[in-house]
Every structure is written in structure tokens, then in C-alpha cells.
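Structure, as C-alpha cells:
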Amino acid sequence: MLERELIAKYGRKQHGNGPLVNRTSGGQTPLGTEQAKGKDDPYANRIIDVHTGDVIFYGYREVSEFYGVDKSHVGKVLRGSKETWIQKEWGLMREDKYLECIAQGKDPVEELSRKAKIAKERFLKATKYERTEEHKARMRQGIKASKKFWASRHKIGKKGAKNPMSKKVKNVETGEIWDCVVEAAQANGMNRHQMSRRCAGKIDKDKRFEFVG
């Protein structure tokens with residue numbers, strides 16, 4: 001099958017011989033066949049109750065349906081990348097993580113408690129942090145200096161004749177001069193892009209306008 005050939009060609013990350021994240025060599029499920037789910041799916045993540053050591057869920061979907069939360073949230077919690085204290089409250093652990101704890105001589109329940117405690121301490125430390133008045137003053141000073149720098153560099157807030165980067169526009173037929181493209185465009189019933197193109201000589205049918213200087 002084409003799927004098997006392509007997986008064999010590019011290699012699987014699981015085996016360390018390629019970038020593909022496929023968990024099989026391909027071809028197990030012919031096109032049109034219904035995908036096995038839950039307990040019937042041999043590749044589903046087996047979720048263990050750390051208090052009993054029994055598999056009680058097969059896949060993140062079952063956990064999400066049981067607790068009424070999003071499946072992606074379940075994945076983040078059980079991978080330990082988000083809100084470890086919730087994982088402790090659920091008392092759940094992926095089978096591979098559970099077996100890893102056992103192999104290292106760790107109690108899965110104590111391991112979840114330890115990680116949850118660390119996560120809560122970090123969270124409380126982050127939310128309780130208060131800046132000193134000296135720190136706040138330095139931040140205000142830095143913000144003002146930054147605004148001043150970019151205002152001078154990009155001429156923020158300066159329009160028309162007040163903006164040194166603007167170009168004056170002249171009507172070669174009447175001699176009338178405007179301080180900037182926008183003013184010239186408004187006076188002649190067009191937008192600034194149309195006026196700019198005329199001043200740059202890109203509109204052959206209309207040569208009335210040109211930039212001054």
C-alpha cells in the first residue's frame with residue numbers, strides 16, 4: 001500500500017529513523033473502515049487510577065466526556081504541562097507515566113502530590129509578586145523614552161505640514177500647492193493612493209500633479 005511505502009521511506013520518529021509521528025507502519029485501517037474507539041482501539045492512551053492501579057479510561061476522549069472538559073485540556077493535564085493540581089484531584093495518570101514511576105521506585109500518588117505542590121507554589125509566587133515603587137518608576141521612565149524615540153523616528157502623530165517626511169503637491173496647471181498628499185487628494189476628490197500615483201507620473205491620462213522638492 002502507498003501508506004506503508006511512504007512511512008517506510010520517510011521513517012517514524014518513534015523509531016528514531018525519520019520525522020513522521022505515525023504510531024504504526026500504516027495500512028491497518030483500509031479506506032472507509034470505521035476507526036476503533038475507546039477500549040477497542042489498541043493505540044488509545046490507557047489512563048490509570050493511581051489509587052488502585054486499574055485502567056479506567058481508554059483515551060483522552062473518555063476522560064473529557066466524564067469530566068465535561070475539552071479533550072485538548074485533558075491532554076495538557078495528563079501530560080503534566082498544565083495545571084498539575086487538577087491531575088492530582090482526578091487521581092489519573094497515563095499508563096506509560098505510571099509504569100515509569102513504578103520502575104523508578106516512586107509512589108504514583110506521592111509523585112502527583114509533589115508535582116501539584118510545586119505547581120501551586122509557582123502559581124502563588126507569580127500572582128503575589130509586587131513591584132517596588134522604584135521598579136514602577138523605572139518602567140514609566142522607560143515607556144516614556146520608548147514613545148519619544150519612536151515618535152521622533154516614525155513621526156507618530158504628525159500630519160501634513162507638521163510631518164517633515166511629507167511631500168508637497170503642486171497642480172502644474174493652476175500652480176496651487178498643498179502641504180501633503182492627503183490634503184491634495186481631499187481637495188481634488190480622490191484618495192491618497194490615487195494622488196500619489198499621479199504625482200509619481202504613473203497615470204498617463206492625468207499629468208496635472210507633481211511632487212514639490
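Every number in this text was worked out from the coordinates using simple rules, so none of it is lab data. As the structure is a prediction and not an experimental result, all values here were calculated from the model. Neighbour counts are summed over all protein chains in view; Cβ atoms, including those assigned to glycine, are modelled from backbone coordinates with ideal geometry.
Using helices alone, I'd like the mean residue ellipticity at 222 nm for the chain: each DSSP H run of four-plus residues gives -39500 (n - 2.57), total over residue count, nearest 500.
Numbers: 9 runs with 99 residues, N = 213.
Result for the chain, helices only: -14000 deg cm²/dmol.
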In what sequence do Ile48, Ile143, Ile203, Ile7 fall when counting other Cβ within 10 Å, fewest first? Ile143, Ile203, Ile7, Ile48
What whole number of Å gives the distance from the Cα centroid of the range 163-213 to the Cα centroid of the range 40-101? 67 Å
How would you rank Trp150, Trp90, Trp178, going from fewest to most other Cβ atoms within 10 Å of each one's own Cβ? Trp150, Trp90, Trp178
Of the cross-linked pairs Lys162/Lys202; Lys136/Lys167; Lys168/Lys205; Lys37/Lys120; Lys37/Lys97; Lys39/Lys76, which ones have a Cα-Cα span greater than 30 Å in the structure shown? Lys136/Lys167; Lys37/Lys120
Answer in debye to the nearest 20: the dipole magnitude of the range 44-124 about its Cα centre, from +1 Lys/Arg and -1 Asp/Glu charges placed on Cβ, is 380 debye
Per DSSP, the loop-located GluC sites (Glu not before Pro) within the range 162-213 having at most 16 other beta carbons within 10 Å are Glu173, Glu176
